[in-house]
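K.L.:
What follows is a single structure, and I will ask about it in a moment.
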Amino acid sequence: MELRQLSTFCTVVDAGSVTAASRTLGYAQSTVTAQLQVLEASVGVSLLVREGKGVRLTAAGREVYDRARVVMRDVDDIRGALADLEDGVSGEVALGAIDSAADSRVPNALADFLRERPRVRVRFETGGTTVLSKRVAAGELDLAIAAMPPADLALGFEPLYVERLALLAHEDSAFGERRSVRVEDLANERILLTQGTCSYNASIRSAAARAGVELDIALESANIATLKRAVQLGMGAAILPIGELADALPARTRVVRIEDGRIRLAIGLVRANKPASTAVKALAFALATALRVPRA
């Protein structure tokens, strides 16, 4: 028993005759008759009784027809679902993003994408660049918005924008009245940083090392809100992405520009160098289009 035979059988019943079914299907009448004969031979009973120019279902034929219609509807649903997957209309995408991008840049782009493709399901998570990159390399994430991944992971990286860092200081601290500071000045204050696996953390430490500055690090945290609250409580000055400082700041805190232009990171799209589904490609394109900042 084949799907083609069941489909032909259902068409004959719906059309009322072999002749009408052959016109609907575009087959020769002999081909339609042959498929019916093979189907009846496979089930071992007669399914149709010829009456004049038409046909009538036997009891067994009615049973097969009712079940075959369900099968054919399921087949149509499967074909439609596969076509949607091929077109990127449906499917699932696993996306990761560093906290600064997840808070300020990705949500709007993701909302626009899901409005256009409401049947695509996105699983979204946040983390540091190293962790996210490893998950992309392992196939646990399809895409990530992060800094450049470790070279040994052999991942693709498409730069989209540059994230600059600034100092968040308490107004009563040594930096509270200043508009800008140099890297060398950071040695005079306790410093709060993002977690050790974060690319921002590595960028700051590298800039300090180049300037011959030994940082007095009081706290490292993956939670930006925790760092902001720590500044408010007078625990030190936090070095954070400017994007995280665009909204309302904690009371009695100030944003201070860091003059060293090297304290910045290129943020972009991280993905594996292998074929991806249409939905993944569509989300990658949407994110790149929304987040890319043209070079001056």
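K.L.:
Pull up the range 278-293, narrow it to residues that are of a type outside the set (A, V, I, L, M) and buried (at least 16 other Cβ atoms within 10 Å of the Cβ), then point me to the one that is farthest from Ser199 (Cα to Cα).
P.N.:
Top of the filtered list is Thr278.
K.L.:
Out of all the residues in the range 191-212, which are over 16 Å from Ala147 (Cα atoms) and surrounded by fewer than 19 Cβ atoms within 10 Å (Cβ to Cβ)?
P.N.:
Residues satisfying the conditions are Ala209, Arg210, Ala211, Gly212.
K.L.:
Now a separate question. For Val120, are the conditions met, namely being over 30 Å from Val213 (Cβ atoms), assigned to a helix (DSSP H, G or I) and either assigned by TED's automatic domain parsing to the domain that holds Ala279 or under 20 Å from the mean Cα position of the chain (by Cα) (or both)?
P.N.:
When the stated conditions are applied, Val120 does not pass them.
K.L.:
Turning to a different aspect of this structure: For the range 161-190, what are the residues that are buried (at least 19 other Cβ atoms within 10 Å of the Cβ) and either in contact with a Lys or Arg (Cβ under 7 Å, 6 or more places away or on another chain) or closer than 18 Å to Gly128 by Cβ (or both)?
P.N.:
Across the range 161-190, the qualifying residues are Glu163, Leu165, Ala166, Leu168, Ala169, His170.
K.L.:
While we're here: If you take the residues of the range 26-41 that are crowded, with 17+ Cβ neighbours inside 10 Å and either not assigned by TED's automatic domain parsing to the domain that holds Glu51 or not polar (S, T, N, Q) (or both), which of them is farthest from Arg69 (Cα to Cα)?
P.N.:
Among those residues, the one meeting the criterion is Tyr27.
K.L.:
Every residue in the range 41-63 that is under 12 Å from Val12 (Cβ atoms) and in a helix (DSSP H, G or I), please.
P.N.:
Scanning the range 41-63 gives a single hit, Gly61.
K.L.:
Of all residues in the range 254-278 being under 30 Å from Arg229 (Cα atoms) and not aliphatic (A, V, I, L, M), which is nearest to the chain's Cα centre (by Cα)?
P.N.:
Gly268
K.L.:
Condition first: assigned to a loop (DSSP other than H, G, I, E, B) and either farther than 21 Å from Ser173 by Cβ or β-branched (Val, Ile, Thr) (or both). Now tell me which residues in the range 195-222 satisfy that.
P.N.:
Correct list: Gln195, Gly196, Thr197, Cys198, Gly212, Val213, Ala222.
K.L.:
Could I ask something else about it? Consider the range 135-169. How many of its residues are outside any strand (DSSP E or B) and more than 16 Å from the chain's Cα centre (by Cα)?
P.N.:
Total meeting the criteria: 8.
K.L.:
What do you reckon, is Val213 outside the structural domain of Thr126 (by TED's automatic domain parsing) and touching a Pro at 6+ places or on another chain (Cβ under 7 Å)?
P.N.:
No, not satisfied.
K.L.:
Follow-up. For the range 61-70, name all the residues that are loosely packed, with under 14 Cβ neighbours inside 10 Å and either within 34 Å of the chain's Cα centre (by Cα) or not aliphatic (A, V, I, L, M) (or both).
P.N.:
Matches in the range 61-70: Arg62, Asp66, Arg67.
K.L.:
Exactly one of these conditions fails for Asp185: (1) within 29 Å of Ala209 (Cα to Cα); (2) touching a residue at least 12 places away in the same chain (Cβ under 8 Å). Give me its number.
P.N.:
Checking Asp185 against (1) within 29 Å of Ala209 (Cα to Cα); (2) touching a residue at least 12 places away in the same chain (Cβ under 8 Å), the one that fails is (2).
K.L.:
Within the set of pairs 6 or more residues apart or between chains, which connect a residue that is of a type in the set (S, T, N, Q) inside the range 276-296 to a residue that is at pLDDT 85 or above with Cβ atoms less than 9 Å apart?
P.N.:
Close Cβ pairs (under 9 Å, with a partner that is at pLDDT 85 or above) amount to Ser277/Glu92; Ser277/Val93; Ser277/Asp142; Thr289/Ala109.
K.L.:
Is it true that Asp247 is closer than 30 Å to Ala286 by Cα and either surrounded by fewer than 19 Cβ atoms within 10 Å (Cβ to Cβ) or among the β-branched types (Val, Ile, Thr) (or both)?
P.N.:
yes
K.L.:
For Leu283, are the conditions met, namely being among the hydrophobic types (A, V, I, L, M, F, W, C) and either part of a strand (DSSP E or B) or more than 22 Å from Asn188 (Cα to Cα) (or both)?
P.N.:
yes
K.L.:
Still on this model: Which is farther than 18 Å from Ala290 by Cβ, among the polar types (S, T, N, Q) and touching a residue at least 12 places away in the same chain (Cβ under 8 Å), of Ser100, Ser133?
P.N.:
Testing whether each residue is farther than 18 Å from Ala290 by Cβ, among the polar types (S, T, N, Q) and touching a residue at least 12 places away in the same chain (Cβ under 8 Å) leaves just Ser133.
K.L.:
Give me the pairs: first residue in the range 24-47 and at pLDDT below 90, second residue charged (D, E, K, R), beta-carbon distance under 7 Å, and six or more apart or on different chains, which are they?
P.N.:
Once the first residue is at pLDDT below 90 and sits in the range 24-47, its partners that are charged (D, E, K, R) give Gln35/Arg4; Ser46/Glu40; Leu47/Glu40.
The values are calculated or read from the model by the stated rules, or taken from the named source; none is laboratory data. Predicted model, so just to flag it, every value in this text is computed and none were measured. Backbone-built Cβ (ideal geometry, glycine too); neighbour counts: all protein chains shown.
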